[in-house]
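Student: Below is one structure. I have some questions about it.
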Amino acid sequence: MRHSLLLHIVLATLLLTAHATASAPPEVDHSAFDDLLSTYVDSDGMVDYEGIQQAHAEVLKPYLETLANAQVDGLSPDEELAFWINAYNALTIDLIVRHYPVEDIFETYEDNPFEKTVGVVAGNEVSLDELEHDFIDARFDDPRFHFALVCAAMSCPPLRQEAYTGDRLDQQLEEQTRQFIRDESHNQIEGQHATIHLSTIFDWFEDDFGGSPEGVQQYLATFFDGETRARLEAAAFAVEYNTYDWTLNDQAIATAGR
């Protein structure tokens, strides 16, 4: 009888372990993209596209295959958002290196490259616009993702030297947002007397940042202190938007321009 009871306990343990394994959410391995970013992106977010192109089969293709075959059902919201952000950035890099050398993303196709199918993600053939609007913006109520998507242009937010991950996503997005908003090459806010000059991102996606120039200012206020914060909270500035610089965020172009 003792042996029978022990057998029942062992079988029950095995069944519980199998059930836990079967119901555990899938994991997507972003380590290959993490390695690429740490190797080919510098501290300013500039990309060595030539280097990636030369080593594409080893450094990018395996990650693209991971994205194509990934299962997202069961991922936590943070894990899934990190997944789609990484997919957008990886496919943008792939688009550039497949046509490199180019001076900007619009040289990759005669038609709008953002509307072209650029790859397969989680079994879906997708364009960059679909990734941004359908898989991210329509599903996640966190406008900070706008500062994580990088469309290969100088006016885009900088690429991080690491992939996004679910367990660190809030910290990563907060860092990206604060860095971009406070970067005077993108936004001129502090010390302005009457008019502030903002990235066109705040114009294009105004609905995500309060729905009006006043709402945009109130969103920005939390990233400042003192008089600047008070004036933003009161929407006391006039707002103008900077011209978007589509020049490729390419290390080679940056080096040539020095």
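Here, each number is a calculation from the coordinates, and none is a lab measurement. A quick note: this is a predicted structure, and the numbers were derived from the prediction, not measured. Methodologically, a virtual Cβ is constructed for each residue, glycine included, from the backbone with ideal geometry; neighbour enumeration extends over all protein chains shown.
Student: Treat each spin label as a single point 7 Å out from the Cα along the C-beta direction, and report the THR200 to ALA252 distance in nm.
Tutor: 2.5 nm
Student: Can you give the charge dipole size of the chain about its Cα centre, rounded to the nearest 20 debye, using +1 on the beta carbon of Lys and Arg and -1 on the beta carbon of Asp and Glu? Don't skip to the end; give the middle numbers.
Tutor: Details: 13 positive and 48 negative charges, 180 e Å.
The calculated dipole for the chain is roughly 860 debye.
Student: Additional query: With springs only between Cα atoms under 10 Å, which of TYR49, TYR100, TYR88 fluctuates most in a Gaussian network model of the chain?
Tutor: TYR100
Student: Distance in nm between label sites at ASP44 and PHE140, each 7 Å beyond Cα in the beta-carbon direction?
Tutor: The modelled label-to-label distance comes out at 2.8 nm.
Student: Among SER155, SER185, which comes first, then next, by fewest other beta-carbon atoms within 10 Å? Before the final figure, lay out each step's value.
Tutor: Working: SER155 17, SER185 12.
Taking fewest neighbouring Cβ atoms as first place, the list is SER185, SER155.
Student: Could you check the simple spin-label distance between ARG229 and ASP73, using points 7 Å along Cα→Cβ, in nm with one decimal?
Tutor: Rounded to a tenth, the inter-label distance reads 4.6 nm.
Student: Per DSSP H run of n ≥ 4, the term is -39500 (n - 2.57); total these for the chain, divide by its residue number, and report the mean residue ellipticity at 222 nm rounded to 500 deg cm²/dmol.
Tutor: One gets -13500 deg cm²/dmol as the mean residue ellipticity at 222 nm.
Student: Dipole of region 31-183, Cα-centred, from +1 at each Lys and Arg C-beta and -1 at each Asp and Glu C-beta, to the nearest 20 debye? Before the final figure, lay out the partial values.
Tutor: Values: 9 positive and 33 negative charges, 36 e Å.
Using only the charged Cβ atoms, the result is roughly 180 debye.
Student: Under the 0.36 nm per residue contour assumption, what length would be gained going from the current alpha-carbon distance of GLU65 and ASP183 to full extension? Please list the in-between numbers first.
Tutor: Values: separation 118, 0.36 × 118 = 42.48 nm, distance 3.49 nm.
Stretched fully, the GLU65-ASP183 segment lengthens by 39.0 nm.
Student: Continuing with this model, one more query. Provide the three semi-axes, in whole Å and in decreasing order, of the ellipsoid equivalent to the chain as defined by the square roots of 5 times the Cα gyration tensor eigenvalues. Before the final figure, lay out each step's value.
Tutor: Working: eigenvalues 306, 134, 50 Å².
Sorted largest first and rounded, they come to 39, 26, 16 Å.
Student: Given R₀ = 22 Å, what would the calculated FRET efficiency be for GLU190 paired with ASP170, taking r from the Cβ atoms and rounding to 0.05? Can you show the working numbers first?
Tutor: On the way: r = 25 Å, r/R0 = 1.15.
With R0 = 22 Å, the Cβ-Cβ based efficiency is 0.30.
Student: Could I ask something else about it? Can you grab the distance from the C-alpha centre of region 44-79 to the C-alpha centre of region 203-246, Å, no decimals?
Tutor: Computed from Cα coordinates, the inter-centre distance equals 33 Å.
Student: Taking every Cα atom in region 58-138, find the radius of gyration and the maximum pairwise distance Dmax, and write them in Å.
Tutor: 12.8, 40
Student: Now a separate question. Give the Rg (one decimal place) followed by the Dmax (whole number) of region 31-183, computed from C-alpha coordinates and expressed in Å.
Tutor: In order Rg, Dmax, the Cα atoms of region 31-183 give 14.4, 40 Å.
Student: Also, quick follow-up: How far is helix 31-40 tilted, in degrees, relative to the longest principal axis of the Cα atoms in the chain, given as a value from 0 to 90 rounded to the nearest 10?
Tutor: So the inclination is approximately 30 degrees.
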